[in-house]
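Read the structure below first, then the notes.
The values are calculated or read from the model by the stated rules, or taken from the named source; none is laboratory data. Just so you know, these numbers come straight off a predicted model, no measurement behind them. Every residue, glycine among them, receives a Cβ derived from its backbone with ideal geometry; neighbour counts consider all protein chains shown. SASA here: full protein model, heavy atoms, side chains in, ligands and nucleic acids out. Shrake-Rupley method; radii C 1.70, N 1.55, O 1.52, S 1.80 Å.
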Amino acid sequence: GAVVSQHPSWVICKSGTSVKIECRSLDFQATTMFWYRQFPKQSLMLMATSNEGSKATYEQGVEKDKFLINHASLTLSTLTVTSAHPEDSSFYICSLSTSYNEQFFGPGTRLTVL
Amino acid sequence: QQQVKQSPQSLIVQKGGISIINCAYENTAFDYFPWYQQFPGKGPALLIAIRPDVSEKKEGRFTISFNKSAKQFSLHIMDSQPGDSATYFCAATGTYKYIFGTGTRLKVLA
């Protein structure tokens, strides 16, 4: 399967600051990538679909101005959490989709907002 | 109609036993059903997946059973090992967007 990396693996920031999370496809050219959020002991919640070269598609209830997504190349998508608050603390996971509808996930980024 | 219902929420199995996790869906347009294994603090890893043209798929100790008429599919882990202790998610999709189950926390006792 495809290999996906995320950076950083964990980040702690102060309330009001912005945090950027990178998602890289190491061996696959991904036209479509996804961003999920996962709270402790809960399932994955899709936040947005990131398409290379175009604007991301956000799920209902996800603030597009708060969670900025950029998919500038076939191997890199970034998620920026702007003006982060403690309630944004979560586990953020990206994935990419292959032509067979398979999704391969990154290792996740733990965000803690103080 | 977009939900995927997963059960049980948690499962404790003795080493060497069979772990069975069930999922049910409603949308008949779904045509791809993967299972993911997730360890604490890690991203989900694709374990095994099935399409509705087959009723069973086996990969090593992991088997998916698929019942199209009942709109149900299940994961069987044979000879369960302590290293299998993790959270398992089923999913379903008909396009590119996955609908995930709520997860099953499996603990295999040594």
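The table below gives the values:
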quantity: Signed unit charges on C-beta, dipole axis of the protein assembly as shown, positive-most listed residue B:Ser10, B:Pro44, A:Val3; calculated: B:Ser10
quantity: Probe 1.4 Å, all protein chains present, accessible-area order of B:Leu46, A:Leu46, largest first; calculated: B:Leu46, A:Leu46
quantity: Assigned charges on the beta-carbon of Lys, Arg, Asp, Glu; chain B dipole about Cα centre (debye); calculated: 180
quantity: Phi to ³J(HN,Hα) by Karplus 6.51 cos²θ - 1.76 cosθ + 1.60 over region B:54-64, Hz, x for Gly, Pro; calculated: 10, 9, 7, 9, 10, 9, x, 8, 9, 10, 9
quantity: Most positive-pole-ward Cα, B:Ile20, A:Asn101, A:Ser25, against dipole of the protein assembly as shown from beta carbon charges; calculated: B:Ile20
quantity: Formal net charge of residues neighbouring B:Leu11 (Cβ-Cβ distance under 12 Å; K, R +1; D, E -1); calculated: +1
quantity: Size of charge dipole - region A:3-114 - debye, nearest 20, with Cβ of Lys, Arg +1 and Asp, Glu -1, no other charges; calculated: 240
quantity: Binned Cα-Cα distance frequencies in the protein assembly as shown - 10 Å width, integer %; calculated: 8, 32, 34, 20, 5, 0
quantity: Cβ-placed point charges (K, R +1; D, E -1), dipole of the protein assembly as shown about Cα centre in debye, nearest 20; calculated: 400
quantity: Cβ-based net charge around A:Val4, under 13 Å, with every Lys or Arg adding one and every Asp or Glu removing one; calculated: -1
quantity: GNM result for chain A, Cα springs below 10 Å: residue of A:Ser89, A:Ser15, A:Ser99 fluctuating most strongly; calculated: A:Ser99
quantity: Solvent exposure, largest accessible area first (probe 1.4 Å, DNA, RNA and ligands not counted), of A:His71, A:His7, A:His85; calculated: A:His7, A:His85, A:His71
quantity: Computed over chain B, the ratio Rg/Rh where both radii use C-alpha atoms and Rh is Kirkwood; calculated: 0.95
quantity: Spatial separation of Cα centroids for region A:1-77 and region B:27-95, in angstrom; calculated: 24
quantity: Summed residue charge, Cβ within 11 Å of A:His85's Cβ, Lys/Arg positive, Asp/Glu negative; calculated: 0
quantity: Computed FRET value (nearest 0.05) for B:Arg105 with A:Ser83, which takes r as the C-beta separation and R₀ as 25 Å; calculated: 0.15
quantity: ³J(HN,Hα) computed for each position of region A:29-40 - Karplus, 6.51 cos²θ - 1.76 cosθ + 1.60, integer Hz, glycine/proline x; calculated: 8, 9, 7, 10, 10, 10, 10, 10, 10, 9, 8, x
quantity: Cys residues of chain A counted as unpaired, since no other Cys beta-carbon is under 4.7 Å; calculated: A:Cys13
quantity: Max mean-square fluctuation residue, GNM over chain A, Cα-Cα springs under 10 Å, options A:Asn70, A:Asn51, A:Asn101; calculated: A:Asn101
quantity: Three-way shape call for region A:1-72 based on the alpha-carbon gyration tensor, with the a/c threshold at 1.5; calculated: rounded
quantity: Backbone N under 17 Å from the B:Ser7 label point (7 Å along Cα→Cβ), restricted to region B:48-69; calculated: B:67
